[in-house]
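Student: Here it is, the structure, as structure tokens.
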Amino acid sequence: MEHVDVAVIGGGQSGLATAHALLRHGLRPVVLEASDRTAGSWPRYYDSLTLFSPARYSSLPGMPFPGTDRDRHPHRDEVVAYLMAYAGRLDAEIRTGRRVICVRRAGPAFEVTLEGGGRLTARAVVAASGTFGRPHRPAWAGLGGFAGQVLHAADYRDPAPFAGRRVVVVGAGNSAVQIAAELAETARVTLATRAPVRFAAQRVLGRDLHFWLTRTGLDAAPLGRLLPRPPAQPVLDDGRHRAALAAGRPERRPLFTGAVGAELVWPDGQREEADAIVLATGYRPDLPYLARLDGALDAEGNPRHREGIATGVPGLAFVGLEWQRSLSSNSLRGVGRDADRVARRLAACLARR
């Protein structure tokens with residue numbers, strides 16, 4: 001059976017940043033990516049998606065985001081191209097089309113089983129597979145009986161299929177507001193939320209918000225360990241989405257309380273037919289391959305870790321989790337910091353062995 005130094009599961013931004021960091025700390029990673037390219041979840045996001053951070057704040061370690069306009073907000077496809085170029089420059093072995101289905105202990109090492117039956121062993125494992133593969137679909141009363149279309153934002157691409165229809169978008173985050181505003185140009189749309197949408201200005205005192213997050217150190221502050229659960233982040237806005245909501249395009253309502261056939265029931269008792277519901281309700285860590293590794297996950301499938309280092313499984317680590325260590329942990333601009341910290345601690349752990 002093949003033996004490798006460190007198996008990195010996932011070849012998107014988290015896995016690539018991890019491979020870069022492991023190389024710097026003297027380890028030889030093998031990156032196992034389930035899809036056919038090293039771009040993670042980005043190719044599957046909705047067509048109009050742009051980064052919330054400008055290009056100058058959207059780079060992985062060792063390679064600035066390309067382009068002369070450093071203040072622009074790159075489009076999804078630019079990020080895909082950037083990640084693939086980054087992978088091409090890494091002096092690391094990256095294997096695409098290698099889906100990991102199980103990680104187990106094999107003495108002091110780990111046995112990694114691939115879809116199709118392939119196996120390898122590794123001295124250490126880094127789970128960097130992100131969250132996109134596990135969309136969160138809340139179990140709301142009555143929603144299962146809704147006769148219309150229900151899809152998660154992970155399955156949304158563009159507004160064309162919804163033109164002229166009655167659509168309800170559920171969620172109060174950046175993606176929910178962006179999708180609802182886009183749909184409202186061609187459909188009748190309600191943004192349903194538990195509480196009013198919280199906005200944060202994209203620019204403060206003439207500078208992008210990310211300038212101030214970086215200058216103050218808040219972007220990298222180790223606040224994750226102080227939080228019992230990741231807080232909901234405000235919607236970054238240059239004023240357009242706030243104005244759209246104020247104009248009722250889309251309108252905002254409190255979350256519906258149930259569904260009867262094709263009708264949604266609103267808190268005031270009103271019933272209204274809807275054609276589709278888009279759940280922009282976030283994601284959860286996508287780690288099914290660790291289910292048989294004792295101590296890796298809690299009862300809900302979430303990783304047991306402290307700042308990315310597994311608390312109950314020596315040699316196992318995580319990179320790319322939301323609020324893993326800081327506000328920016330699962331972003332292009334911040335994942336490199338976490339990856340370096342994890343790589344440094346794994347190198348020390350393996351040296352002690």
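Student: Given the criteria modelled with pLDDT of 95 or more and either crowded, with 24+ Cβ neighbours inside 10 Å or among the acidic types (Asp, Glu) (or both), does residue 19 qualify?
Tutor: In short, yes.
Student: Quick one: which of 74, 43, 108, 61 is open to solvent by 20 Å² or more (accessible area, probe 1.4 Å) and under 18 Å from the mean Cα position of the chain (by Cα)?
Tutor: The match here is 43.
Student: Filter segment 187-201 down to the residues that are of a type outside the set (A, V, I, L, M) and over 17 Å from residue 232 (Cα atoms), then identify the one that is nearest to the chain's Cα centre (by Cα).
Tutor: 190
Student: Name the residues in segment 29-63 that are closer than 17 Å to residue 328 by Cα and in a loop (DSSP other than H, G, I, E, B), would you?
Tutor: 51, 52, 53, 54, 58, 59, 61
Student: What about residue 144, is it over 17 Å from the mean Cα position of the chain (by Cα) and modelled with pLDDT of 90 or more?
Tutor: no
Student: Considering only residues that are closer than 23 Å to residue 182 by Cα and over 26 Å from the mean Cα position of the chain (by Cα), which ones fall in segment 267-283?
Tutor: 272, 273, 274, 275
Student: Scan the strands (runs of 3 or more DSSP E) fully inside segment 117-209 and keep the ones with 3 or more residues being open to solvent by less than 60 Å² (accessible area, probe 1.4 Å).
Tutor: Strands (runs of 3 or more DSSP E) meeting the threshold: 119-127, 166-170, 188-193, 199-201.
Student: Is it the case that some residue within segment 76-93 is of a type in the set (Asp, Glu) and closer than 30 Å to residue 275 by Cβ?
Tutor: Yes - at least one qualifying residue is present in segment 76-93.
The values are calculated or read from the model by the stated rules, or taken from the named source; none is laboratory data. Just so it is clear, the model here is predicted, and its values are computed rather than measured. Cβ sites come from the backbone with ideal geometry, for glycine too, and all protein chains shown count toward neighbours. What goes into the accessible areas is simple: the full protein's heavy atoms, side chains included, and nothing from ligands, DNA or RNA. Shrake-Rupley method; radii C 1.70, N 1.55, O 1.52, S 1.80 Å.
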